[in-house]
Amino acid sequence: MQALIIAISVETGSSTISHDTTLAAFETASASDLSISTTLVSTSSAEPTTTLEATTDLSTTLDETTTTFESETTSGSATLISTTTAEASTTTSATPEIPSNRVLNHGFEDTSVFPWQSMSGTLSPSSSEVHSGSQAGFFSGTTPMSAMLGSRQFINPTWITPGKSYKFSAWVKITNTVNCGSRTIVCGHGAGQGTTSSVGSITETGDFSLASVTCSWTQAQWEAGPSVQIRSYCTGLSFFVDDVTLEEVETLG
């Protein structure tokens, strides 16, 4: 009979390990077999101190030797580490919708005529003569020499595609003309008096009449700035205008 006592002390910087190990050795006259079974448990510790005490009883018989290790862990305190996972979010912006009528303040119902402009005269909202609603636009202008008189609005170029056809319509009532040429509605471009090739005539009936023209802008005209205009080359001109539209012409096929 023999007894063997083993004392082992282990310190780790980040963890404590406790384990039970059983070692059994079987000896026979012809061979020696060794089997080891081990269980490990790991825990986190802020200041770990591990003491491993091993007691070995070695008892020898004719055919068996058993060794048992036991361990104790002291001074164990857990440390919790928190992690945060952020989920990425994606924001997409929708393409702005193009209105079917590209003309703003088309019925002159706002408190001002903006974004309409006058050409060599004055333009203001009026309730005295209307085609629909409560207001219309009223233009009046005189010049000592003949000039282009009327009103116009520049159209948002992102609402216009060069080469496509658009129908420009307006209800107009002519109230005065002095030395005027043709009274027309046109699709214009640029800061000057440039126009596309199509021109629509305004019929004078003493009341509101509908004038229309179908036109398109070339790339160069579109880059200069597309516009719609009601105008005439005169020394004096006045008219009411209401319910103006500029809409894309639907193509078949």
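Quick check on segment 159-188: of everything there that is farther than 16 Å from Glu247 by Cβ and of a type in the set (Ser, Thr, Tyr), which residue is surrounded by the fewest Cβ atoms within 10 Å (Cβ to Cβ)? Per the criteria, the residue is Ser182. Looking at Ile185, Ile174, Ile202, just one residue is under 29 Å from Ser126 (Cβ atoms) and in contact with an Asp or Glu (Cβ under 6 Å, 6 or more places away or on another chain), and that residue is Ile174. Being under 23 Å from Ala136 (Cβ atoms), surrounded by 16 or more Cβ atoms within 10 Å (Cβ to Cβ) and among the hydroxyl-bearing types (Ser, Thr, Tyr) is a condition met by no residue of segment 189-208.
From the list Thr175, Thr203, exactly one residue is farther than 22 Å from Phe114 by Cα, in contact (Cβ under 8 Å) with a residue 40 or more places away in the chain and among the β-branched types (Val, Ile, Thr). Which is it?
Values: Thr203 fails: in contact (Cβ under 8 Å) with a residue 40 or more places away in the chain.
Only one candidate qualifies: Thr175.
Picking from residues in segment 222-243 that are among the small types (Gly, Ala, Ser) and under 11 Å from Gly190 (Cβ atoms), the one that is surrounded by the most Cβ atoms within 10 Å (Cβ to Cβ) is Ser227. Consider segment 172-222 and keep the residues that are over 44 Å from the mean Cα position of the chain (by Cα) and on the phi > 0 side of the Ramachandran plot. The one that is modelled with the lowest pLDDT is Gly206. Applying a threshold of 8 Å to beta carbon distances and a minimum spacing of six or more residues, or different chains, the list of pairs starting in segment 100-117 at a residue that is within 14 Å of Ser227 (Cβ to Cβ) and ending at one that is of a type in the set (Lys, Arg) reads Trp116/Arg152; Gln117/Arg152. Of the residues in segment 85-106, none is over 30 Å from Trp159 (Cα atoms), surrounded by fewer than 13 Cβ atoms within 10 Å (Cβ to Cβ), in contact with a Ser or Thr (Cβ under 6 Å, 6 or more places away or on another chain) and modelled with pLDDT under 95. Given the criteria over 18 Å from Ser120 (Cβ atoms) and either touching an Asp or Glu at 6+ places or on another chain (Cβ under 7 Å) or not β-branched (Val, Ile, Thr) (or both), does Leu237 qualify? It is false that Leu237 is over 18 Å from Ser120 (Cβ atoms) and either touching an Asp or Glu at 6+ places or on another chain (Cβ under 7 Å) or not β-branched (Val, Ile, Thr) (or both).
The values are calculated or read from the model by the stated rules, or taken from the named source; none is laboratory data. These numbers were taken from a predicted model, which means no experiment stands behind them. Neighbour counts run over all protein chains shown; Cβ positions are idealised from the backbone, glycine included.
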